[in-house]
Amino acid sequence: MNKRIKRNRIRCKCCGDIIESRQIYDFQQCSCKKVAIDGGLEYAKRIFPSNPPEKFYDELVEYE
Ligand SMILES: [Zn+2]
């Protein structure tokens, strides 16, 4: 069973922006454009330049 997402957020470690995707297909990019998220409350998609992801952003997702 999948966990339900309550808030879909990450913080970019490069520019410090916190970006949040509030609904499906709500694509958000930080101001330095290194990281982006999508999926809203349906799925937690992260776009980042290379692994490991924790090099580029702090994961702030919250589940129900
Ligand atoms: Zn950034």
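The values are calculated or read from the model by the stated rules, or taken from the named source; none is laboratory data. Computed from a prediction, not measured in an experiment: that's the story for all the values here. Methodologically, a virtual Cβ is constructed for each residue, glycine included, from the backbone with ideal geometry; neighbour enumeration extends over all protein chains shown.
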Discussion item. Looking at the range 40-48, can you tell me whether even one residue there is in contact with an Asp or Glu (Cβ under 6 Å, 6 or more places away or on another chain), surrounded by 11 or more Cβ atoms within 10 Å (Cβ to Cβ), in contact (Cβ under 8 Å) with a residue 24 or more places away in the chain and not charged (D, E, K, R)?
Written reply: yes
Worksheet item: Looking at the range 27-64, which of its residues are touching a strand residue (DSSP E or B) at 6+ places or on another chain (Cβ under 7 Å), of a type in the set (Asp, Glu) and modelled with pLDDT of 95 or more?
Response: Asp38, Asp58, Glu59, Glu62
Worksheet item: Within the set of pairs 6 or more residues apart or between chains, which connect a residue that is closer than 16 Å to Pro53 by Cβ and in contact (Cβ under 8 Å) with a residue 12 or more places away in the chain inside the range 1-23 to a residue that is among the β-branched types (Val, Ile, Thr) and assigned to a loop (DSSP other than H, G, I, E, B) with Cβ atoms less than 8 Å apart?
Response: Asn8/Val61; Arg9/Val61; Ile10/Val35; Ile10/Val61; Cys12/Val35; Cys14/Val35; Ile19/Val35
Discussion item. For the range 3-37, give me the residue count where each residue is closer than 16 Å to Tyr63 by Cα, among the charged types (D, E, K, R) and assigned to a strand (DSSP E or B).
Written reply: 4
Worksheet, complete the sentence: Of the residues in the range 14-57, those that are within 8 Å of the ligand (Cβ to nearest atom) and more than 12 Å from the chain's Cα centre (by Cα) come to Cys14, Cys15, Gly16, Ser31, Cys32, Lys33
Discussion item. Among the numbered criteria (1) surrounded by 17 or more Cβ atoms within 10 Å (Cβ to Cβ); (2) modelled with pLDDT under 95, which one does Met1 miss?
Written reply: (1)
